[in-house]
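Note sheet for the following structure.
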Amino acid sequence: MWVGVLDLWVFVIQGNASSGMGVAEDCCNTFLELQRKKAFRYVIFKIDEKKKEVVVEKTGGPAESYDDFTGSLPENDCRYAIYDFDFVTSENCQKSKIFFIA
């Protein structure tokens, strides 16, 4: 499932209130570092069942690839992630899009 960065922002800030699941403060800070400072290529989040909150599990440096990202995901467990995708348009303009992956 791919959704926009605004939907991710709502997810990170508000959490899932109806389920009682919270969001750790560093989730928001890490997202902002990826979005504003390009400090990370990706961020992987997981649900900490003991704390009942979403936490940052792993970050990937700016030089890491999509293969590095997919290799960091567990084979048989759920994760949420954001990935900052760089690309060049047909007009030869450098662009970037942030994707939320569930």
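If each residue of separation counts as 0.36 nm, what is the full-extension length gain between Glu53 and Thr89 once their alpha-carbon separation is subtracted?
9.1 nm
Within the set of other residues whose C-beta is less than 14 Å from the C-beta of Pro74, count the net charge using Lys and Arg as +1 and Asp and Glu as -1.
0
Can you tally the net charge around Val55? Count Lys and Arg as +1, Asp and Glu as -1, for every other residue whose Cβ sits under 12 Å from the Cβ of Val55.
Neighbourhood net charge equals 0.
Of Lys50, Lys37, which has the most accessible area and how do the rest follow, probe 1.4 Å?
Listed by decreasing accessible area, they come as Lys50, Lys37.
If you plug each phi of the range 33-46 into the Karplus form 6.51 cos²θ - 1.76 cosθ + 1.60 with θ = phi - 60°, what whole-Hz ³J(HN,Hα) values come out, in order, with x for Gly and Pro?
For the range 33-46, the Karplus-derived couplings read 5, 5, 5, 8, 9, 6, 6, 9, 7, 8, 9, 10, 10, 9 Hz, x marking Gly and Pro.
Kindly rank 90-99, 62-71, 38-47 from highest to lowest mean number of other beta carbons found within 10 Å of each residue.
Descending mean neighbour count gives 38-47, 62-71, 90-99.
Tell me, what HN-Hα J-couplings in whole Hz come from the Karplus equation 6.51 cos²θ - 1.76 cosθ + 1.60 at θ = phi - 60° for each residue of the range 89-96, using x for Gly and Pro?
So the J values, rounded to whole Hz, are 6, 5, 8, 6, 9, 6, 10, 9.
Rounded to whole Hz and in sequence order, give me ³J(HN,Hα) for the range 27-32 from the Karplus expression 6.51 cos²θ - 1.76 cosθ + 1.60, θ = phi - 60°, writing x for Gly and Pro.
4, 5, 4, 5, 4, 5
Taking a cut-off of 20 Å between Cα atoms, list the aspartates and glutamates near Lys50, but don't count ones fewer than 8 places away on the same chain.
Within the straight-line limit of under 20 Å, Lys50 reaches these aspartates and glutamates: Glu25, Asp26, Asp77.
Would you mind checking Lys52/Lys97; Lys37/Lys95; Lys51/Lys97 for any pair whose Cα atoms are more than 22 angstrom apart?
Flagged as over cut-off: Lys52/Lys97; Lys51/Lys97.
The values are calculated or read from the model by the stated rules, or taken from the named source; none is laboratory data. These figures come from a predicted structure and were not determined experimentally. When we count neighbours, we look across all protein chains shown, and the Cβ atoms used for this are built from the backbone with ideal geometry, even at glycine. Heavy atoms of the whole protein, side chains included, go into the accessibility calculation; ligands, DNA and RNA do not. Shrake-Rupley method; radii C 1.70, N 1.55, O 1.52, S 1.80 Å.
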